[in-house]
Each structure stands twice: as C-alpha cells, then as structure tokens.
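Remarks on the structure that follows.
A short reminder: the numbers here are calculations on the coordinates, not readings from a lab. Bear in mind the structure is a predicted one, so any value in this text is a computation, not a measurement. With ideal geometry, Cβ positions are generated from the backbone for all residues, glycine too; neighbour counts draw on all protein chains shown.
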Amino acid sequence: MKVEIWSDFVCPFCYMGERKFEKALELFEHKDEVEIVFKSFQLNMDQAEVKDKDIHQVIADKYNISYEQAKANNDRIVKAAQEVGLNYRFDILKLNNTELAHQISKYAEYNDKGKELVDRYFKAYFEEGFDIGNKEKLIELAEEIGLNVIELKKRLDDGSLKAEIEKDKALARELDISGVPFFVINDKYAVSGAQDPEEFLKVLKKASNYN
C-alpha cells in the first residue's frame, strides 16, 4: 500500500497531520505493508525571509485580522500540537522559503531517509527556531541524519532536485490539491487535513480491503 503525503515544512497542521497518521499506522494491522512517500507542496512559493515581524503579525496581515486575534489562533494551534506530543514554539519561528528544504527532502527519499529528514526539518522549524530557508543549516541537518552532503550539494547545483519539485507541483495542480496536509492512499482514497487517527485508520482499512 502506498501513502503519499503532501505537505509543507512551515505548515503547522502538516506536522500534526503526519503525527496523527503515525498514530493510526501504529494501530493498523498491516502497517509493515505501507510505503510512505512525501510530496512537496509550497504554501507560499514567493515567501522570502521575514525579519521584522513575528508569526502573529504575519498572520494578522495575511488574513486582515488583529494581532490579538492572530495570537489567539496560534495559541490554539500550539495547544492542539501539544495534544499529539509536539512542542511548538511560535515565539521563535523563522519564516523563510521552503524550496531548498523540499529539494533536500527529495534527495533524502532517494537514499531511504525521507521520513527521517522530513521529521527532523519539522521538529527543527517548529520546536527549535530553525531557519528553514538557510542552505548551510539545511545541509547540516542532512549530514546529521547521515546523508552524503558532497553528493547532495552536487545534486542541488545541477538542478535535478528542483526538477523533481516541479513535478510534484504539476501533479498537485492535476489533482486539484489546494491545501495541505493532503494524503493520497493507493492513488484512490484521499484524506484532507490533520484528521484524528481514527479517521486515518478507517481509510487505511478501506484501502487495503481488510475492514
């Protein structure tokens, strides 16, 4: 069984959604038969590094709401993350473009470390104040999980990883995916959003015909 997970590294619901899916997978009788493939999706493709605003002000400006409303909404997200064991630190988030992070995650996937890197980037961004757009720091974390950084740098320079990201973008448009997280199971069943583990489990059972 193949599960494709569309997500972006700056999406708080993507990290929560992946964690909830993992909890469902733990309860799935045939979890050893599941292949997880991460697909790249950029919520803000033109996002540049933001230095003069915190995340609350960025959200307030984006949705035309007050700073207090934005902070209250983010506080609710932090609380929801805590319920699945994640310690979000919105006070130290560093907003930046995720293009390079997605490229490196593709390289990790080719080397059977896709999930390991995705989880590491999510944790670093949401819990450690990591700059998700800093190339040097991204490569440091890639090396931390055992990737060959010399080969990785070559792949980044030759544009082949960027080409893979463009394929994901095209496929997302073809599937009419407009938000993440988005889960596609066996090219047939779709789950949108950070659903509860019980919902994911239902779809896994349905897709595998082991109801």
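Give the residue list of GluC sites (Glu not before Pro) in the stretch 52-141 that are DSSP loop and have at most 15 other beta-carbon atoms within 10 angstrom. Walk me through the numbers on the way to the answer.
Details: sites: Glu68, Glu83, Glu99, Glu109, Glu116, Glu127, Glu128, Glu136, Glu140; in loops: Glu83.
Hits after loop and neighbour filter: Glu83.
Taking Asn134, Asn96, Asn111 in turn, the Gaussian network model of the chain (Cα-Cα springs below 10 Å) assigns the largest fluctuation to Asn111. When you filter the chymotrypsin sites (Phe, Trp or Tyr not before Pro) in the stretch 171-210 for DSSP loop state and at most 15 other Cβ atoms inside 10 Å of their Cβ, you are left with Tyr210.
Take each complete run of DSSP H in the chain, measure how far its Cα atoms stretch along the helix's own axis, and keep only those covering 18 Å or more with mean Kyte-Doolittle hydropathy at least 0.5; list them. Working shown, then result.
On the way: long enough: 12-27 (24 Å, -0.42); 67-82 (22 Å, -1.17); 114-128 (20 Å, -0.93); 160-174 (21 Å, -0.90).
Qualifying helices, which must be both long enough and hydrophobic enough, do not occur.
Mind checking which of Ile55, Ile104, Ile165 has the largest fluctuation in a GNM of the chain, springs on alpha carbons under 10 Å? Highest fluctuation among the options: Ile55.
Helical content alone sets the calculated 222 nm signal of the chain at -17000 deg cm²/dmol, taking -39,500 (n - 2.57) per DSSP H segment of four or more residues and averaging over every residue. When the chain is treated as a Gaussian network with alpha carbon springs shorter than 10 Å, the biggest mean-square fluctuation among Leu100, Leu43, Leu175 belongs to Leu175. Taking 24 Å as the straight-line reach from the Cα of Lys137, the lysines in range (excluding those fewer than 8 positions away in the same chain) are Lys39, Lys51, Lys53, Lys94, Lys106, Lys113, Lys115, Lys123, Lys153, Lys154, Lys162.
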